[in-house]
Every structure is written in C-alpha cells, then in structure tokens.
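For reference, the structure discussed in these notes is given below.
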Amino acid sequence: MSDWVMVGAAADIPHGHAALVDVDGTPVAVFNVNGQFYAVDDTCSHAEASLSEGELDPEACSIECPMHGSCFDLRTGEPLSLPAYDPVRVHRVEVVDGTLRVAVDAGAMP
Ligand code: FES
C-alpha cells in the first residue's frame, strides 16, 4: 500500500459524479455514490479507456466503461459483464476535513 495523497475537495465531486485524479503518477477514478466515495484504476482492464468518463450506476454501485461497455463493481473492481474479464484495482479513499485522499493499492496490476 502506498501513502495517502490529497487529491482535492470532496465537494467538487457531487453525488452521481466522477473525477479523474493523479495519485503519484497513477490515474485513479474517484466516484461519489450517495456520499460514499470509491476509487478504482481509471484505465479499463480491457483496453485504453477512462472509466471516469463512463456511465455511473449508483443503484448497482458500478461504472460502465465508455468504450466497450463492460461494467465494474466499484466496491470490488470485478467486471460484471464482458468483454473485460480482469478486475481493476480498488484503492482506499477517505474524506478528512472535507478533503479527499487516496492511497493506491500497490499490488499486482490487473
Ligand atoms: S476498454 Fe473497457 S470494456 Fe473495452
């Protein structure tokens, strides 16, 4: 696990929205689902697409890749539909005094 990195104000990502942030050179997608924040690798595990630009489904707590349509569970990073079959990494995210901070999971890349 890496150290926490401040990535911006939590208020800048309203419910149902996402932001692409840089965490020590790693592109990370941060999502707000009903006030709960989730952070996963921004780059899809299938090809070079930005998950922060995908369609967020707050009910399913999932993100649909904008390129080929695979959905990923934001809690686990697991793909819920093809063509992606590898998960994306899930990162720790929390709010401290209104500021979002993320710690990248330095584990194996998907
Ligand atoms: S690039 Fe994401 S599903 Fe193909």
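Listed values, structure above:
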| read-out | value |
| --- | --- |
| Residue within region 66-79 that is part of a strand (DSSP E or B) and either among the polar types (S, T, N, Q) or under 15 Å from LEU100 (Cα atoms) (or both) present | no |
| Residue within region 39-57 that is at pLDDT below 95 and surrounded by 18 or more Cβ atoms within 10 Å (Cβ to Cβ) present | no |
| Enumeration of residues in region 70-96 that are closer than 18 Å to GLY16 by Cα and either open to solvent by less than 40 Å² (accessible area, probe 1.4 Å) or within 13 Å of the ligand (Cβ to nearest atom) (or both) | CYS71, PHE72, ASP73, LEU74, GLY77, VAL93 |
| Condition met for SER45 (within 8 Å of the ligand (Cβ to nearest atom), not hydrophobic (A, V, I, L, M, F, W, C) and not in a strand (DSSP E or B)) | yes |
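The values are calculated or read from the model by the stated rules, or taken from the named source; none is laboratory data. In this text the structure is predicted, and so the values were computed from the model without any measurement. Note that we place each Cβ from the backbone using ideal geometry, even for glycine, and neighbour counts take in every protein chain shown. With ligands, DNA and RNA removed, areas are computed over all heavy atoms of the protein, side chains included. Shrake-Rupley method; radii C 1.70, N 1.55, O 1.52, S 1.80 Å.
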